[in-house]
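Since the structure comes first, as structure tokens, the remarks are kept for the end.
The values are calculated or read from the model by the stated rules, or taken from the named source; none is laboratory data. For clarity, every value in this text was computed on a predicted model and none was experimentally measured. So basically every Cβ, Gly included, is an ideal-geometry build from the backbone, and we count neighbours across all protein chains shown.
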Amino acid sequence: MTSHRNLKRLVRERAARTGESYTTARRNLLARAAQPGLVPGYDTFGGGSHLANADPHATAGGPHLGDLDTSSEHHESTLLARLLRQAGHRAPHTGKPYTEATLCGLAGGIGFLYSVFAYTGLPPILTIVAQHHPDPWAQSALERLGLGYEVRHSTAAGPARRDLDAMIDQGRPVLCVVGRGGLPWHQPASALDTDPYQVVVAGRDGGDYLVDDLADTLHVVPADVLVAAWSAHRKGRHERLIVSPPDKPVDLPASMRAAIATTVAHLIGPVLGNAFDVNMGFSGMARLVTDLRDRRTKRGWTRRFSEPGALAFALLRLYECLELQYTAPAGTRPLYATFLDEAAEVLGEPRIGRAAGLFRTAGEHWSAVADAALANCGPAAEILERRLFAQFTGAPVPPAPGPDELTGPADPGGLLDDLADRAEAALHAEKEAVELLRP
């Protein structure tokens, strides 16, 4: 794969050969290397481009993103940032493209959902959603900014694909919601076929589509494969989102205030207005702490995850949910703190900056929870996870873990108490931060 180092080397070699400045050599090199079929402007994000033709060390897997910043922390926010930049949008407070952190905060940033789902013949499945939930991510940020966009659906794949092609032919990349398990690079069975997942279709070359999933390369995907993944998420009905070009000024202070108010309201609760709210926001965090410490009732982790390997699997899920799935690292708290730092400056309110520091502290506690969980989950966890996905998808089920692989933490009670203490410390920091953010 093309790396930053390879790109810089190529630019220096061209500058030495032609006498051009570094900036001019870089611009000319990237312009020459544009990938056929890519919508105009999409290869300029972060100064990046696609160097499959320019870099002699490039692999043939797809167009390369050059020095594009692929170190994104939050999937949905980074994809939205790329769409907005391609459409010509700039953040009013910097004059530069919207950052991942800004858009993360404007979409709602952080939240908390804690639940454990039970299925016959399977270990209990822990689920935590640490990012803001359940409002649609991109739409929430765009609505608060007052930016134009359109969401389209089609029941049948044929009309959806024709519309997708029309948008690409007009030079407009499309944010599509697909079934993650249908994307070849997410196999084998790393995700259910129906898991909703966003990618940007950024162009097409013949019968193939250029798909941005924040990898070092754009994925070149045959039409039938993309359509199958798109159709796998049936509830999405071939959802596609297209961002409109700028047409009016953005009131960023009002957008930031509205976003912060929503985040605060949903952490305090209620969120849904029904009985499930007990699992969300601060209530959900407190319930997690209580369940970790509970040694008596069926809700407590000691009894709920008493079957061999079940606690190990729950610990792996705890790590994944706080660091990897539907979140940025550390439960999205550090990324949200970066947004609050920006908001404190834009709004001229130092209290928001103090809240940012508290959310960073909370993020440290959540990361400590995740690290301790991962360190104690043992070999059984991944075996059980593979079996779980196989049973859900109908794939061949791997052998069950043996007795020697089902060993759990040496001191499960002590571990659960430690996790509870760390989670409670995060909760206290977040409550203090929210008090600073309240009007």
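Here Thr23 clears all of (1) loosely packed, with under 14 Cβ neighbours inside 10 Å; (2) outside any helix (DSSP H, G or I); (3) modelled with pLDDT of 55 or more; (4) not basic (Lys, Arg) except the condition numbered (2).
Tell me, please, whether a residue that is part of a strand (DSSP E or B), closer than 28 Å to Gly41 by Cα and acidic (Asp, Glu) can be found in segment 159-171.
So in segment 159-171, the residues part of a strand (DSSP E or B) come out as none.
For segment 159-171, residues part of a strand (DSSP E or B), closer than 28 Å to Gly41 by Cα and acidic (Asp, Glu): absent.
Of the numbered criteria (1) at pLDDT below 95; (2) under 20 Å from Glu430 (Cβ atoms), the one Pro124 fails is (2). Cβ-Cβ contacts under 6 Å between residues 6 or more apart (or on different chains), taken from a first residue in segment 214-238 that is surrounded by 22 or more Cβ atoms within 10 Å (Cβ to Cβ) and among the β-branched types (Val, Ile, Thr) to a second residue that is part of a strand (DSSP E or B) and modelled with pLDDT of 90 or more, are listed as Val221/Tyr209; Val221/Val211. Counting the residues of segment 314-340 that are buried (at least 24 other Cβ atoms within 10 Å of the Cβ) and within 12 Å of the chain's Cα centre (by Cα) gives 6. The test for being at pLDDT 95 or above, buried (at least 22 other Cβ atoms within 10 Å of the Cβ) and more than 27 Å from Leu340 (Cα to Cα) does not hold for Val271.
In segment 310-399, counting only helices (runs of 4 or more DSSP H) that sit wholly within it, the ones holding 2 or more residues that are at pLDDT 90 or above span 310-323, 333-347, 350-376.
Exactly one residue among Leu272, Leu226, Leu175 is part of a loop (DSSP other than H, G, I, E, B) and either farther than 30 Å from Ala91 by Cβ or not assigned by TED's automatic domain parsing to the domain that holds Tyr114 (or both), and that residue is Leu272.
Cβ separations smaller than 9 Å between residues 6+ apart or across chains give the following pairs from segment 415-439 residues that are among the β-branched types (Val, Ile, Thr) to residues that are surrounded by fewer than 16 Cβ atoms within 10 Å (Cβ to Cβ): Val434/Ile268. Is it the case that Pro245 is out of contact with any helix residue (DSSP H, G or I) (no Cβ under 7 Å at 6 or more places or on another chain), closer than 30 Å to Gln170 by Cα and assigned to a loop (DSSP other than H, G, I, E, B)? No.
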